[in-house]
Amino acid sequence: MKKASSIALALLLTASLFSPAYAAGNTSPGTPDQQHYSISGFLSYEQLVEKLKKIERSSKGQVSLEVVGASNRDRDIYKATVGSGKKVIFITSQIHGNEPTGTEALVSILQYLGSSNSPEAKKIRKEITLVAMPMMNPDAAFLDRRGNDMTWDEVVDEFPELADVKPAWNYYTTPRQGDDYAEKPGFDVNRDYNPDLDYTPQPEDFPGGSSAPGWFITPEAQTVRDVYKSLQDDFGQVDVYIDLHHQGPYYYVDGTDDLVTMSLSGRFVADPNSSKGEKYAEYADKYNYDFSRQLNLAAYHALQSIGNSPFNNITLYDQKIDLPGTALGTFALNGSGTVLFEVRGQTQSMGQKKKGQLVKAVETGLYGIMDAIATGSIEDIDPEEYEDIPITSYEPGI
């Protein structure tokens, strides 16, 4: 009964998002070098700030907005909070600047929860404290690229002890995804996290690698870390952490020729309780993989409930990764249930094509999670069902 209630709520909350544009569909995008794709339909940084301030004003106290840090180029980074529940859900978007659908979804959700007097919205506000950081890497969003806008010299200015080490492995100085980082170098901020939330950069830990922790050398990662720690101080723990991303445009549902609309995941590091995860043994008592799987299933069930549509084309992201330098890996090891959303296509491969459909997919999954937490139905989900979600395939029929 609870599962049915969760699905019904997800449908109710997203029904208003349907429009003729979804039914009409769009032509499949070409490869990035075939044409220039417009992104004017997505919120710019300035538009986002204006929108968040308007939501705060119109919410009459339901939504609070706070500047919690600044990007390397001194753009304010915002945190929006709605609800007063004991369960904390922390969501970030656009850590990669060319992945904007999560920001659009968060703004829509904040607007709904901040203004609606529906029983569903009231229930979520009562049971959950939702903390959102939309577009947490505004410099990358401004440049419409993956990496932030920061030089290694600027890192050394802040951390002089790094003057004689090789730059971090995630420092971009050459062309990537059509962007020339030679003139404006930057870092993949989503490799700059460390499970030790009090870590300070040590020369011996550079240049590091993809399977090693990061260093908190970028102000954007530092800001997210500081918000996470403040929530730990205020609530004792951050129950759920969700990070909203994009992936390649031509991935398929395993065994079919159906394009993936979105991939989910609750696995980002090797399990600290396993032999492969022995290096994370100090976090074994905090790590809760079953809860992460339940959260992913709550999103999956909500999307599957929509019926025969692209919203059924949901897969599991790569389950063999070991990335402690990601925000998800770091916060999973610190005890949060974690969920990755990876919608189809970055801006350089799709622009704003299918924007409505993809934003709706993110919103539907997020509402499914919030409802499961608010109603307690999350406890009734069998985590083993997670293993039955189709795997992402890179070629149809494989």
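The values are calculated or read from the model by the stated rules, or taken from the named source; none is laboratory data. Quantities reported herein were computed from a predicted structural model and do not represent experimental measurements. Here Cβ is always computed from backbone atoms with ideal geometry, including for glycine, and neighbour counts include all displayed protein chains. Keep in mind that these areas ignore ligands, DNA and RNA; they rest on the heavy atoms of the full protein, side chains included. Shrake-Rupley method; radii C 1.70, N 1.55, O 1.52, S 1.80 Å.
Below is a table of values for the structure above.
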| item | result |
| --- | --- |
| All positions within segment 342-398 that are modelled with pLDDT of 95 or more, assigned to a loop (DSSP other than H, G, I, E, B), open to solvent by less than 30 Å² (accessible area, probe 1.4 Å) and on the phi < 0 side of the Ramachandran plot | ILE381, ILE389 |
| Checking GLY147 against (1) outside any loop (DSSP other than H, G, I, E, B); (2) in contact with a His (Cβ under 9 Å, 6 or more places away or on another chain), the condition it does not meet | (1) |
| From the options ASP290, ASP322, residue that is surrounded by fewer than 20 Cβ atoms within 10 Å (Cβ to Cβ) and in a loop (DSSP other than H, G, I, E, B) | ASP322 |
| Filter result for ALA163 (over 20 Å from ASP226 (Cβ atoms), aliphatic (A, V, I, L, M) and crowded, with 18+ Cβ neighbours inside 10 Å) | no |
| Segment 298-308, residues that are part of a loop (DSSP other than H, G, I, E, B) and open to solvent by 30 Å² or more (accessible area, probe 1.4 Å) | SER305, ILE306, ASN308 |
| Of all residues in segment 56-85 being touching a Lys or Arg at 6+ places or on another chain (Cβ under 8 Å) and open to solvent by less than 30 Å² (accessible area, probe 1.4 Å), the one that is farthest from SER44 (Cα to Cα) | GLY85 |
| Residue within segment 65-75 that is out of contact with any helix residue (DSSP H, G or I) (no Cβ under 7 Å at 6 or more places or on another chain) and over 21 Å from SER336 (Cβ atoms) present | yes |
| Wholly enclosed helices (runs of 4 or more DSSP H) of segment 32-143 bearing at least 3 residues within 26 Å of GLN247 (Cα to Cα) | 45-58, 101-115, 138-143 |
| Only listed residue being closer than 22 Å to ILE95 by Cβ and of a type outside the set (Ser, Thr, Tyr), chosen from ASN296, ASN308 | ASN296 |
| Answer from LEU328, LEU295 - the residue that is surrounded by 24 or more Cβ atoms within 10 Å (Cβ to Cβ), farther than 30 Å from GLY178 by Cβ and under 17 Å from the mean Cα position of the chain (by Cα) | LEU295 |
| Whichever residue in segment 261-295 is free of Cβ contacts under 8 Å to residues at least 12 places away in the same chain and among the polar types (S, T, N, Q) and, among such residues, is nearest to ASN313 (Cα to Cα) | SER274 |
| Within segment 167-217, tally of residues that are within 23 Å of GLN237 (Cα to Cα), open to solvent by 70 Å² or more (accessible area, probe 1.4 Å) and of a type in the set (Ser, Thr, Tyr) | 1 |
| Matching residues, segment 253-292, being in contact with a Gly (Cβ under 8 Å, 6 or more places away or on another chain) and more than 30 Å from ILE128 (Cα to Cα) | GLY255, THR256, ASP257 |
| Some residue of segment 268-285 being among the aliphatic types (A, V, I, L, M) and open to solvent by 30 Å² or more (accessible area, probe 1.4 Å) | yes |
| Among (1) among the charged types (D, E, K, R); (2) open to solvent by 60 Å² or more (accessible area, probe 1.4 Å); (3) under 20 Å from the mean Cα position of the chain (by Cα), the one test that GLU220 misses | (2) |
